[in-house]
1. Give me the number: length gained by fully extending E108 to S28, i.e. 0.36 nm times residue separation minus the C-alpha to C-alpha distance, one decimal in nm.
2. Could you tell me how far the Cα centroid of region 106-151 sits from the Cα centroid of region 153-171, in Å?
3. Mind putting a number on the dipole of region 88-177 about its Cα centre? Charges go on the C-beta only, +1 for Lys and Arg and -1 for Asp and Glu, and I need it in Debye to the nearest 20.
4. Please work out the ratio of the alpha-carbon Rg of region 15-182 to 2.2 N^0.38 Å and round it to two decimals.
5. Using the per-residue mean of other Cβ atoms lying within 10 Å as a proxy for protection, in what order, highest first, do the peptides 123-135, 85-97 fall?
6. Please give the net charge around T166, taking every other residue with its beta carbon less than 10 angstrom from that of T166, where Lys and Arg add +1 and Asp and Glu add -1.
7. Give the residues of region 90-133 whose amide nitrogen is closer than 18 Å to a point set 7 Å from the Cα of A144 in the direction of its Cβ.
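Bear in mind that the values in this text are calculations on the coordinates, not laboratory data. Keep in mind that this is a model prediction, so the values were computed, not measured. Cβ: placed from backbone, ideal geometry, glycine included. Neighbour counts: every protein chain shown.
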Amino acid sequence: MAQAGGWRPPSDLPEVAFAGRSNVGKSSLLNRLVRRRALARVSRTPGRTQEINFFRVNDAFVLVDLPGYGYARVSRERRDQWRPLIEGYLTSSPALRGVVQLVDARHEPTADDRAMLDYLARIGVPTLVVVTKVDKLAASAGIARVEALREELGLDPSQIIAFSATTGLGRDELAEAVAGLVA
Ligand code: GDP
C-alpha cells in the first residue's frame with residue numbers, strides 16, 4: 001500500500017487534483033480534458049490498486065489523479081486505505097491549487113463524497129464539483145439535477161460544472177476553470 005505523505009515529485013509546477021468514487025467517470029473525464037497520450041507521467045506513488053498518478057500537462061501544471069474510493073466490492077479495510085493516502089497528499093502538497101471533485105449525476109453524493117468535500121472545505125483548498133454522466137439524464141432533468149446538487153452541497157454557481165465524457169458537454173468550461181485555478 002502507498003504511504004500517506006509518501007514520495008511525490010518535486011512541485012515545480014502548480015497542481016490540480018481530481019477525486020471521486022470508483023466508476024464515477026474520472027478516467028473518461030481526464031481523457032476528454034487532455035489527450036492522455038500527450039501526457040507525460042511524472043511519477044506515481046507505489047501501490048497496486050490504489051496509487052496517485054502525476055501527469056505533467058503542457059509544462060503548465062501537474063494533473064494529479066487521486067485513487068477512486070469507496071468501491072463497494074472491496075473489503076472495508078481496503079476501502080479505508082484511500083483516506084490516509086488522499087489526505088496525506090492533500091496536506092503535504094504546497095503546489096496544490098485546487099481539487100476537482102466528481103459526483104455522478106444519477107446518484108446521491110455518497111458519505112465518502114461528503115467526507116471529501118467537508119475535508120477540502122476544512123483545509124481550505126479551492127474546490128470545483130463536476131457532475132458526471134449528465135447525458136444519462138434528459139437535458140432539463142440534467143439542469144435541475146445540477147441545481148439541486150449545488151444547493152444541497154452549498155456551492156456557488158461558479159463551483160459546479162455539468163459534464164459528459166460521451167457528448168463533450170462541459171469540457172471547455174472545465175478546462176477554463178482548471179486554467180483559472182493554476183493561473
Ligand atoms: P472511473 O472508475 O471513475 O475512472 O470511471 P470510468 O471513466 O472508467 O467510467 C466508468 C463507467 O462509466 C464506464 O463504463 C464509462 O464508459 C462510463 N462513463 C464515464 N463517463 C461517462 C459519461 O459521461 N456518460 C456515460 N453515459 N457514461 C460514462
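1. On the way: separation 80, 0.36 × 80 = 28.80 nm, distance 2.01 nm.
Once the chain is fully extended between E108 and S28, it gains 26.8 nm.
2. 9
3. Details: 9 positive and 13 negative charges, 33 e Å.
That gives a dipole near 160 debye.
4. Details: Rg = 15.1 Å, N = 168, 2.2 N^0.38 = 15.4 Å.
It is 0.98.
5. Working: 123-135: 19.7, 85-97: 17.5.
Ranked by mean Cβ neighbours within 10 Å, highest first: 123-135, 85-97.
6. On the way: positive: R32, K133, K136; negative: D135.
Neighbour charge sum, excluding T166 itself: +2.
7. It comes to 105-109, nothing else.
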